[in-house]
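Report on one structure; see the data block that follows.
The values are calculated or read from the model by the stated rules, or taken from the named source; none is laboratory data. Quantities reported herein were computed from a predicted structural model and do not represent experimental measurements. Because the Cβ atoms are built from the backbone with ideal geometry, glycine has one as well, and the counts that use them run over all protein chains shown. In case anyone asks, the SASA skips ligands and DNA or RNA and just uses the protein heavy atoms, side chains included. Shrake-Rupley method; radii C 1.70, N 1.55, O 1.52, S 1.80 Å.
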Amino acid sequence: MLLYIFQSLCITTRNKGSQAQFPITQNVTVVEGSTANMTCRVDYNDNTSLQWSNPAQQTLFFGDKKALRDNRIELVRASWKELTISISDVTLSDEGQYTCSLFTMPVKTSKAFLTVLGVPAKPEITGLSRPAQEGEDVTLTCTTSGSKPAADIRWFRNDKEVQGQKEVNATGRSFTVRSNVHLKVDRKDDGAAYTCVVEHIALGSLPHQVTEVLEVHYPPQVQIVHSVIVPQEGQYFKLECVSKGNPLPEPVLWTKDGGELPDVERMIVEGRDLIITTLNKTDNGTYRCEASNQLGTNRDEFTLYVYDPNALTQHGPDHALIGGVVAVVVFITLCFIIVLGRYLARHKGTYLTNEAKGAEDAPDADTAIINAEGNHAHAEEKKEYYQGAARNVVHLKSENLGFANNYALRQEYVRCIM
């Protein structure tokens, strides 16, 4: 019995050792220029050596013994259960499949793939060697190289994203990425910031970016702004020449009626402003502001008419008269509405009153109308009489209708013609 138990324990131990004697590795991903740690472990080892070899099947370490002369490769930890080495300053050429071997009979191996991420270089924007002119076609190109895998490029105009055309080219183990933005520039693009953003897994949350500010040259725009709406004699008056352009038009030229300013003592030019210290009637006329730069000339005109303050007071609108006229119109309108309302109410009341007379004793509306005249004893006779009269009225000419004044007769007439 004891012999059987001992044999069972030996078989169990041998099977456990055979299953546990298998190297275990993991794939590693690092950024170019950093350090990669390659670890090989075994759960059970009966004093059997571990070995690391590179993708070219060159032995790096056999146990704690270094086999390849490469100062970047160092031993981190060596035991019967673990062999860990480090590769510093990793390059793209270090990428590949590494092998850990356990020298049992037969030899057992495990593979680990080292992935090296190529860091994209800082981008550059080309295509703006000189200031652009309004209406010119411009292509901005953003280029970054050395990325692996290929980097992503995004464009922004100020804070708004714009679409670019991406182009990827392989350069050895890495990639060169370009993105183009095509635009037809105008004066609104002057001072606009175009930013190229390079995103890549190796950069994490800190992408590379570069910004180029557009400079667009365009001819001047000119507008004259005046300080007083109704210029009057004796007032201070200023005309401002608002001119925009790139290059900035400086200085501006002021003229009056196609010639020079006639009174330089009262008409003072300060920068872009024309100041008239004291207005008088001789200042009436057309004033022109003209601005120029290398791309063109533009101008604006303002016609000045100086008013007499006394004349404005005498011929000003008579507000009292206007108010009186409005009051009279309102009063007449109210009176008309009141009279019309009373008229309508009175006629409506008369009709209802006459219809209501005798309504309690009358079998129908016709009898009620006849009874309203006060003769209840001969109601039927009156009804026949009025019906006949109504039929006769139908044949009356329009000028004779005025004589049909009897109320009941008029009511019958209305019923007949309806």
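Any idea how many residues of the range 265-282 are touching a Pro at 6+ places or on another chain (Cβ under 8 Å), surrounded by 14 or more Cβ atoms within 10 Å (Cβ to Cβ) and within 14 Å of PRO231 (Cβ to Cβ)?
Residues of the range 265-282 that are touching a Pro at 6+ places or on another chain (Cβ under 8 Å), as a first pass: 271-272, 279, 282.
Filter once more, keeping what is surrounded by 14 or more Cβ atoms within 10 Å (Cβ to Cβ): 272, 279.
With the extra rule that they be within 14 Å of PRO231 (Cβ to Cβ), the set shrinks to 279.
Number of matching residues: 1.
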Is one or more of the residues making up the range 64-72 over 18 Å from ILE24 (Cα atoms) and part of a strand (DSSP E or B)? yes
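Just the residues that are assigned to a strand (DSSP E or B) and either under 16 Å from LYS188 (Cβ atoms) or not hydroxyl-bearing (Ser, Thr, Tyr) (or both), please, taken from the range 134-145.
Correct list: ASP137, VAL138, LEU140, CYS142.
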Selection from the range 103-114 of residues that are surrounded by fewer than 14 Cβ atoms within 10 Å (Cβ to Cβ) and not in a loop (DSSP other than H, G, I, E, B): LYS111
So GLN232, is it in contact (Cβ under 8 Å) with a residue 60 or more places away in the chain, within 35 Å of the chain's Cα centre (by Cα) and within 30 Å of VAL306 (Cα to Cα): no
Cβ contacts < 6 Å: first residue in contact (Cβ under 8 Å) with a residue 40 or more places away in the chain, restricted to the range 194-213; second residue open to solvent by 40 Å² or more (accessible area, probe 1.4 Å) and of a type in the set (S, T, N, Q), any location; separation 6+ or different chain. Result? THR195/GLN209; THR195/THR211; VAL197/GLN209
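Can you tell me which residue is most open to solvent (accessible area, probe 1.4 Å) among those in the range 199-216 that are among the aliphatic types (A, V, I, L, M) and closer than 18 Å to ASP159 by Cβ?
Ranking the candidates gives VAL213 first.
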Please go through the range 125-144 and pick out each residue that is open to solvent by 80 Å² or more (accessible area, probe 1.4 Å) and either farther than 26 Å from ASN246 by Cα or small (Gly, Ala, Ser) (or both). SER129
Tell me, yes or no, whether the range 145-156 has at least one residue that is of a type in the set (Ser, Thr, Tyr), open to solvent by 30 Å² or more (accessible area, probe 1.4 Å) and at pLDDT 95 or above. yes
Log entry, pairs with first residue in the range 174-186 being within 12 Å of THR126 (Cα to Cα), second being among the basic types (Lys, Arg) and assigned to a strand (DSSP E or B), beta carbons closer than 9 Å, six or more apart or on different chains, reads ARG178/LYS166; SER179/ARG154; SER179/LYS166; ASN180/LYS166; VAL181/ARG157
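Looking for whichever is of a type in the set (Asp, Glu) and surrounded by 19 or more Cβ atoms within 10 Å (Cβ to Cβ) here; the options are ASP159, ASP190. Which one fits? Walk me through how you get there before you give the answer.
Details: ASP159 fails: surrounded by 19 or more Cβ atoms within 10 Å (Cβ to Cβ).
Criteria check complete, one pass: ASP190.
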Are any of the residues in the range 310-318 crowded, with 16+ Cβ neighbours inside 10 Å and either over 30 Å from GLU215 (Cα atoms) or at pLDDT below 95 (or both)? no
One residue from THR99, THR84, THR29 being of a type in the set (S, T, N, Q), under 29 Å from ILE201 (Cα atoms), open to solvent by 20 Å² or more (accessible area, probe 1.4 Å) and assigned to a strand (DSSP E or B): THR29
Looking at the range 284-298, is at least one residue modelled with pLDDT of 75 or more and among the acidic types (Asp, Glu)? yes
Within the range 38-48, take every residue that is under 14 Å from ILE24 (Cα atoms) and surrounded by fewer than 19 Cβ atoms within 10 Å (Cβ to Cβ) and give me the one that is nearest to the chain's Cα centre (by Cα). THR39
